[in-house]
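Data first, discussion second: the structure below is written as structure tokens.
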Amino acid sequence: MRRTIIFLVTGLAVLAGACTAGSTSATTAIGREQNRTVTGVQAFAASTLQPFDSCNDFLRYVKKHAIERVGPYGLDGYGGYGDMWRDAPESMVSMDMAGATTTVAAGTATQGIEYSGTNVQVAGVDEPDVVKTDGERIFVVAQSRLFWIDTSGTPEIVASIPLDGWGQQIFLAGDSLLVMTSGGGYGPVPMMMDVAGDAIGPGYQTQRVVLTKVDISDPGSMEAVSTLMLDGSVLSSRMTGDTIRVVVRSGPNGFDWVYPEGNGIRAERKATEANKKLIEESTLENWVPWYVLSSHQTLVTSDGPVLGCDQVGHPDEFSGLSMLSVLSIDLEGDLEPGNSIGLMAEGETIYASSNNLYVATSPWMSWPAAKWEEGSVANQTLTTQIHMFDITDPDTATYVASGEVEGVLHSQWAMDEYKDVLRVVVTGENPWWGSSDVPVSAVVTLERRGDELVQIGFVDGLGKNERVYAVRFIQDKGYVVTFRQVDPLYVVDLSDPTNPQVKGELKINGYSAYLHPIGENLLLGIGQDATSEGRIEGTQISVFDVSDPSDPRRLSRLTFEDANSQAEWDHHAFLWWAPEGIAVLPLQRWSWDERSDKGESFSGAVVVTATPNRVKQVGEIKHPSVGSSECEGCEEWNAPINRSMVIGGTLFTFSEMGVLASNLETLDDIAWIPYS
């Protein structure tokens with residue numbers, strides 16, 4: 001079904017609310033032809049994982065499993081409160097480590113100028129962030145606005161537009177930006193839409209993703225061209241070439257669940273039966289995400305289901321009632337979602353190589369409500385399913401295989417593809433309940449065989465009773481950091497993926513939460529120093545020599561007492577500038593001297609050189625202070641720096657207050673560009 005709405009609204013506004021199908025027949029709402037470019041045969045290469053035979057077949061599947069799991073408070077085992085933080089930007093909920101080198105070759109966009117880009121896991125696979133550049137223009141999200149900073153002369157803001165929602169992140173491709181927000185966006189508002197948000201409660205909640213294409217071809221001018229709003233939350237996204245893959249998770253929506261009237265078994269049973277009836281009467285619109293596509297130029301809006309029945313499949317084993325939709329977006333187009341593919345499965349962790357995209361199921365997201373009544377889930381064996389999509393076709397993604405590993409994944413960095421083999425670091429720790437007796441971690445290798453990801457190798461013995469803090473794969477080696485009281489850095493030889501071996505380990509106080517290659521056989525680690533009893537003492541930067549896998553060594557280190565760095569949990573906050581051999585990382589420090597009864601604090605960024613012989617601080621950067629002159633008695637405050645980049649001979653640092661341009665060699669201030 002597709003409707004067209006004409007409305008007259010000018011300027012930028014919030015595009016919110018959702019269109020519902022009303023009395024549309026459940027068997028035709030999605031089954032009707034919608035100019036789809038994906039068919040079941042193309043979208044599902046796995047022989048035993050075909051699309052649903054019909055929309056009625058799809059409905060029978062979801063109703064059967066939903067009725068088995070619904071309770072007096074709805075489908076609270078498959079969403080609800082967990083969704084509140086699952087919508088957060090990836091950097092807020094993961095403990096990711098540093099990635100591929102950020103240097104962009106000279107001449108890529110601005111001839112003769114080298115510049116850094118987003119710090120990513122896989123070279124050539126871009127990730128969304130709050131700052132993007134092409135070497136001449138900088139685009140940054142701050143204070144709920146999108147700013148354009150021209151760096152061709154004296155850096156200055158030349159344009160800005162407001163953003164709604166939260167968790168805004170962007171991609172840059174040529175003269176277009178894709179702005180992704182959760183819970184809101186900007187664009188024309190059809191007057192019939194309900195712009196009110198949903199209240200938080202148990203069960204699946206209606207969450208909204210807004211993708212907006214912004215034209216930046218006119219110097220100093222940004223114009224929203226089109227906006228795609230759809231049900232769900234963004235798990236993550238990646239860009240290869242000019243194609244952006246956005247993975248959206250959506251749950252059942254539109255259910256007005258019946259809750260017990262009072263307490264007691266009778267009230268709960270009555271509510272459960274009423275909820276089962278709601279599921280029996282549900283239509284496709286309750287299970288498939290809906291979209292609204294608006295053109296800001298023609299003021300025309302179309303809407304419909306994101307997926308057709310032939311674009312949805314499910315693994316052999318029931319994997320949840322959520323829909324994973326993989327959208328393939330070319331910014332030269334109009335954001336039409338017709339070439340998407342859907343999988344009835346839960347999902348949380350995303351990894352992508354140049355050819356394949358993997359979605360891993362977090363186990364606590366797929367527990368049916370019934371399991372909560374079976375006893376202690378803390379002692380149950382946890383498994384993670386991994387779904388593989390071929391993304392070599394720029395127009396669409398193709399679902400090809402699924403596999404399962406025992407244990408859970410630490411972050412996106414726990415997965416890596418090398419020579420057609422997927423390497424995965426798993427740990428037995430229950431991430432939901434925690435555990436004082438954490439089983440050992442392991443490295444598992446998997447290979448695609450037909451429609452299955454089959455385990456071909458395994459090695460354990462990594463950090464018994466310790467947590468995984470950092471993972472880094474480099475070609476045929478894997479590096480895993482675990483920690484409880486001391487920090488073993490394990491080196492795993494993966495040259496024979498059928499027989500991975502732990503070659504060596506290094507035990508030192510503290511841990512590295514983030515690993516980054518800084519040269520041949522050299523790793524930079526950023527984490528926390530600690531006592532021999534495991535009490536953390538401050539941010540620590542270390543250089544490791546891994547030339548001999550059987551004997552990894554720490555060559556040099558630098559500690560900032562009582563400090564922490566955002567780079568410890570957000571790899572986008574870290575910058576390694578290889579031409580100068582320097583690292584830039586945000587730093588927050590606060591301490592109290594009991595003898596002088598005075599506190600000392602620092603908020604900004606530190607610049608260090610890192611070599612095998614020494615890690616040395618060469619400078620620090622603080623943004624202009626605010627507060628002391630604005631009110632009597634207010635303490636001076638410097639906005640935390642959250643990003644940095646290099647363009648030519650200039651180092652740019654970013655905070656919520658503005659951008660500071662500094663001379664890369666001397667670190668002297670060049671220009672302060674406040675956002676207001």
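Residues whose amide H lies under 5 Å from that of Val120, counting only those 5 or more places away or on a different chain, are Gly99, Ala100; hydrogens are built 1.01 Å from N in the peptide plane. Judged by the mean number of other Cβ atoms found within 10 Å, the most tightly packed of the peptides 665-672, 477-484 leads the ranking 477-484, 665-672. Using the average count of surrounding beta-carbon atoms within 10 Å as a protection proxy, the listed peptides 612-622, 387-397 rank, highest first, as 387-397, 612-622. A cut-off of 5 Å between modelled amide H atoms, ignoring neighbours fewer than 5 places along the same chain, links Glu417 with Arg423. The H on the amide N of Glu223, modeled in the peptide plane, is under 5 Å from the matching H of Asp215, each at least 5 residues off or on a different chain. Which residues among segment 542-576 fall inside the zone where the amide N is under 19 Å from a point 7 Å beyond the Cα of Glu600, along Cα→Cβ? Within reach of a label on Glu600: 558-565.
Backbone geometry of segment 495-505 corresponds, through the Karplus equation with coefficients 6.51, -1.76 and 1.60 at θ = phi - 60°, to 3J(HN,Hα) couplings of 4, 10, x, 7, 9, x, 9, 7, 8, x, 8 Hz, x marking Gly and Pro. Phi-derived couplings, Karplus 6.51 cos²θ - 1.76 cosθ + 1.60 at θ = phi - 60°, listed residue by residue for segment 513-521: 9, 7, 10, 9, x, 10, x, 4, 6 Hz, with x used for Gly and Pro.
In the structure shown, the pairs Lys477/Lys507; Lys419/Lys616; Lys63/Lys213; Lys132/Lys622; Lys598/Lys622 are assessed against 30 Å; a Cα-Cα span above that value is assigned to Lys419/Lys616; Lys63/Lys213. Peptide packing: for 270-282, 460-472, the average count of neighbouring Cβ atoms within 10 Å per residue gives the ranking 460-472, 270-282, highest mean first. Rounded to the nearest Hz, the phi-derived 3J(HN,Hα) couplings of segment 124-133 under the Karplus curve 6.51 cos²θ - 1.76 cosθ + 1.60 (θ = phi - 60°) are x, 10, 7, 10, x, 7, 8, 9, 9, 8, where x marks glycine and proline.
Bear in mind these aren't lab numbers, they're just calculated from the coordinates by the rules spelled out. Since the model is a prediction, treat every value here as computed from it, not as a measurement. In this analysis, Cβ positions are derived from the backbone assuming ideal geometry, glycine residues included, and neighbour counts consider all displayed protein chains.
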